[in-house]
Structure formats: C-alpha cells, structure tokens
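Have a look at the structure below, then the notes.
The values are calculated or read from the model by the stated rules, or taken from the named source; none is laboratory data. Model, not experiment: these values are computed from the prediction. Neighbour counts run over all protein chains shown; Cβ positions are idealised from the backbone, glycine included. Just the protein is used for accessible areas: all its heavy atoms, side chains included, with ligands, DNA and RNA removed. Shrake-Rupley method; radii C 1.70, N 1.55, O 1.52, S 1.80 Å.
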Amino acid sequence: MKSLKILLILTFVSLFAISCSKDNDEQVIEPKAPVYLLSKITYSATQNTKYFYDENNKLINEESTNNNGSVFRKTFKYNNSGKITENLQVPITGNSTAIEKLTYLYDSQNRLIERKLFTATTSAPDEFALDYTEIYSYNATNIEYKYKDGNSTFATNRVIFDLDPSGNFITATGYRNLTALDQVGILDYKSTSEYDNKKNPLQNLPDEYVFLEKTKNNRIKSTTPQFNPSVATITYEYNQDGYPTKSISGNRTTTFEYNIK
C-alpha cells in the first residue's frame, strides 16, 4: 500500500512537471503594435502636405500645396547617424520661383544646435543667400531657441521652452529686441500649455525636422495673457490607437491621414 502511494505521488509529480515544461515551452507572442506614418495633413480644401517614406520608414520627400495651387517638393539628406543634414524645397507647379535649403548642425550628443535657411530662385538655383539662423541650447529642464536674421552677428529674438517629465513644453517664454550687447531682451510673452494623453501625429517624423513642434502628446489649451484672445483651445478626434484624425481650433479644422505598417 505504501509503495502504491509513492507510485501515485511520483506519477502526479511527473505529470505536473511535464505540464509545466509544456507551459514554459509555449512562447506567448505579443501582437506587434502598428506603426503609424503620417501621410497627409489637410489644412483646408486647397492647402495640404503629403509625406513619403522609404522601405525603412525614413522620410524622403514632402509635397505641399498652398492656397493658390502651387506645389512644392522637399527632399531630405541624412548623415550616417540617421540625422537630417539638409532638406531642399523646389517649386513643382505654380508661379513661385523660390528655392529653399535648410541645413542642420548637431553637437557631440547628436542634439540639434543650429538650422540655417538659405534661399535662391529657379533662375539662379545655385546662388543661395542666408535668410536666417536658428540656434538651440539645452539644460536639464528647458531648451533655448534663438533667431538671427540674415547675416546678423547676434540674435534678435529668443524663446525659453520649459519641459515637463513627459517631454511636453509646458511654458514658452519669448523675448524680443535683443542686441549685440544685450542677449536677454525684453519680455514679449509667456504661454502655458496643457496636453491630452494621446499620441502626437508627428511622432514618427524626424525629431530635428519638426523640432519644437513634436511634443509627446497633443496640445489642447494654450494661455498667453499678452495675446488676444489670451486662451486658445484645440479639440481632437482620435482613431482606435489614439492618433488624432482631426483637430479643431476656432474656425480651423485640420485632418490627419496615416500609412499603417
């Protein structure tokens, strides 16, 4: 009888071990989250921007149609770190002759520290003139943006963007009338922002291209006492994965379309 009990116990232990082994061998494959690549933003019946990507989901072209029907195409160049070094915009249709080239510069941590916009015309496409320079500097909780006009040796405007732990800009403080001897300037405005908890439609565009536009979430309210009106609100409609498909601010409606991979 004792031998029978021992046999039954051993049999039960063996079956339990086999069952556990099978459970451990069965790997649970989590469903892969879809990748949403922004494909089109429509601002009005006549104004929109389309985005095009390569097989690695890298932005390679952008086409914008403005209100008068002119179409412009941007092409992007990247360095070995996958950062944009230049984007060139040329007119495709319409009466515009303007060509724009934006160049990018990074620090040793691959953070954007400078962008320069150069302009030319289709009649002299290689004769670029510097239009403006944007300069960025960083500390633990904010980013400072400075603007230099043309070939000026000093910035004339600056904005301090304060970030929350999620990476959203909660305040933007602007200063104007900077001079060569005074790079602090005069307070122009201070704006505070509130956000939803959804995904930004610009999420999969290169950070450096939509820098200071690409927050983690979507701005739903901005309060700027120096502006009139002082409060601006934005409402959104979202898809099943939390990406905006439409935003409404005042009398302006913007729609977002995606390529899903």
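Under the convention that each Lys and Arg Cβ holds +1 and each Asp and Glu Cβ holds -1, the size of the dipole of segment 121-261 around its Cα centre is about 480 debye.
Rounded, prolate or oblate: which fits segment 25-93 when a ≥ b ≥ c are the square roots of the eigenvalues of the alpha-carbon gyration tensor, with rounded for a/c under 1.5 and prolate only if a/b beats b/c? Note, shape of segment 25-93 comes out oblate. Would you work out if the chain is rounded, prolate or oblate? Take a ≥ b ≥ c from the square roots of the eigenvalues of the alpha-carbon gyration tensor; rounded if a/c is under 1.5, else prolate when a/b is larger than b/c, oblate otherwise. Because a/c hits 1.5 or more and a/b exceeds b/c, the chain counts as prolate. Within the accessible surface of segment 42-96, defined with a 1.4 Å probe on protein heavy atoms only, the carbon and sulfur portion equals 43 percent. Once the 1.4 Å probe is applied to the protein heavy atoms, the chain comes out at 61 Å² accessible per residue.
Overall, the ratio between the Cα radius of gyration of segment 169-230 and 2.2 N^0.38 Å, rounded to two decimals, is 1.39.
Ignoring any ligand, DNA or RNA, what whole percent of the accessible area of segment 146-261 comes from carbon and sulfur when the probe is 1.4 angstrom?
50
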